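Presented below is the structure to which this report refers.
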Amino acid sequence: MSASVHLHDPQALYRHWEHEQWNPWAVDLEADKAQWQGALAGQDKGLVYWALSSLMVAEERITTKFAGLVMAAESEEEATYLASQQVDEARHMQFYARFQDEVIDEPATISAHITRSREQLGPSFAVIFDQALVEAHERLAVNPSDLGAKVDFVTTYHLVIEATLGLTAFEFITRYLRTNELLPGFVEGYSRIHHDEQRHIGYGIWFLRRAAGDAGLAERIRAKLHELLPAVANALAPPDQESTDWEALGATSEEIRQFALDGLTRRLNIIGVPLTAAG
């Protein structure tokens with residue numbers, strides 16, 4: 001199955017990046033400002049704020065914990081592409097900070113927005129973004145030639161954070177906002193971010209598929225996923241949920257988790273590393 005899938009290499013991904021630039025200050029947020037003060041209210045507003053807070057903090061983490069992967073590039077083409085991804089992440093962080101400035105709260109430094117946003121998030125978020133991601137980045141920054149450390153980082157960053165958490169969040173947040181005709185500027189900017197992240201995920205799948213040709217590295221991918229999946233399941237749930245069955249933004253917990261699992265399973269099949277080892 002995986003052999004028939006065509007993956008773009010870093011050079012092709014870089015060329016795509018050159019043709020797909022956008023400006024986070026060109027997105028019109030006027031309707032969003034009015035709706036945040038009026039149409040959005042009660043529990044739904046709280047859930048949207050929780051979702052936006054998670055995006056704000058996530059982008060700060062993945063913007064500031066990325067340089068080690070650029071240093072670990074194995075070719076000029078890969079280094080060029082990875083440098084473009086770091087620019088993307090900074091742009092995404094700037095868009096979310098602008099949305100915080102102009103729609104949610106008074107203008108402030110990015111760090112002030114992040115501090116406020118963190119108050120909305122639970123411990124599972126910290127496990128993934130403050131522990132697993134930071135530790136993987138530190139190991140890679142100390143020794144960029146450590147292929148195992150690179151596999152750990154790309155598995156955590158591209159496969160868990162971007163492909164599993166990120167794509168799932170996009171699916172259900174934008175579905176809710178479009179259905180209810182809310183925050184059109186945010187939906188436009190988030191959709192552009194989503195497009196960028198599809199390119200990033202393409203790189204992650206390309207790299208991990210190559211790495212998985214080594215049995216030891218394939219098992220390392222699987223082990224990292226097993227380590228993080230409990231936190232992933234918890235991070236998909238709104239804060240203060242005591243039950244495993246819940247509903248958020250018009251979707252059930254089962255629907256959200258199934259979407260995340262189906263996407264992860266599909267990508268693992270392309271990589272060649274199913275969650276359960278054969279035999």
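Readers should treat all values here as calculations from the given coordinates under stated rules, not as data from a laboratory. Fair warning: this is a prediction, and the values are worked out from it, not measured in the lab. Glycine also receives a Cβ, built like all others from the backbone with ideal geometry; neighbour counts cover every protein chain displayed.
Numbers at a glance
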read-out	value
Rounded, prolate or oblate (a/c below 1.5 giving rounded, otherwise prolate when a/b exceeds b/c) for region 151-193 by Cα gyration tensor	prolate
Rounded tilt (10° steps) of 215-235 against the dominant C-alpha axis of the chain	20
For the chain: relative contact order, % (alpha-carbon pairs under 8 angstrom, 6 or more apart)	27
Per residue Cα convex hull volume in Å³ - calculated over region 57-105	49
Prolate/oblate/rounded label for region 24-160 (Cα gyration tensor, a/c 1.5)	prolate
Footprinting exposure proxy for ARG222, ARG116 (fewest neighbouring C-beta atoms within 10 Å first)	ARG116, ARG222
Extension gain from GLU18 to GLU254, taking 0.36 nm per residue of separation minus the Cα-Cα distance	81.1 nm
Angle in degrees between helix 133-142 and the longest Cα principal axis of the chain, rounded to the nearest 10	40
Global geometry of region 79-143, whether rounded, prolate or oblate, following the gyration tensor of its Cα atoms and the 1.5 cut on a/c	oblate
Where Rh is the Kirkwood radius over Cα pairs, Rg/Rh for region 1-56	1.24
222 nm mean residue ellipticity, helices alone, for the chain (DSSP H n ≥ 4; -39,500 (n - 2.57); rounded to 500)	-21000 deg cm²/dmol
Relative contact order of region 46-119, pairs being alpha-carbon contacts under 8 Å that are 6 or more residues apart, as %	45
Selected from HIS226, HIS19, HIS194 as most flexible by GNM, with the chain as the system and alpha-carbon contacts under 10 Å	HIS19
GNM top mover of GLU78, GLU254, GLU188 - the chain, alpha-carbon springs below 10 Å	GLU254
Top positive-direction residue, dipole computed over region 56-214 with Cβ charges, set LEU147, ALA163, PRO107	ALA163
P(r) tail fraction, region 122-197 - alpha-carbon pairs more than 22 Å apart, %	40
Degrees separating the helix 42-64 axis from the principal Cα axis of the chain, which is the longest one	40
Fewest-first sequence of GLU60, GLU102 by Cβ atoms within 10 Å of each Cβ	GLU102, GLU60
Alpha-carbon spread of region 193-279, three principal axes, descending order, Å	41, 34, 18
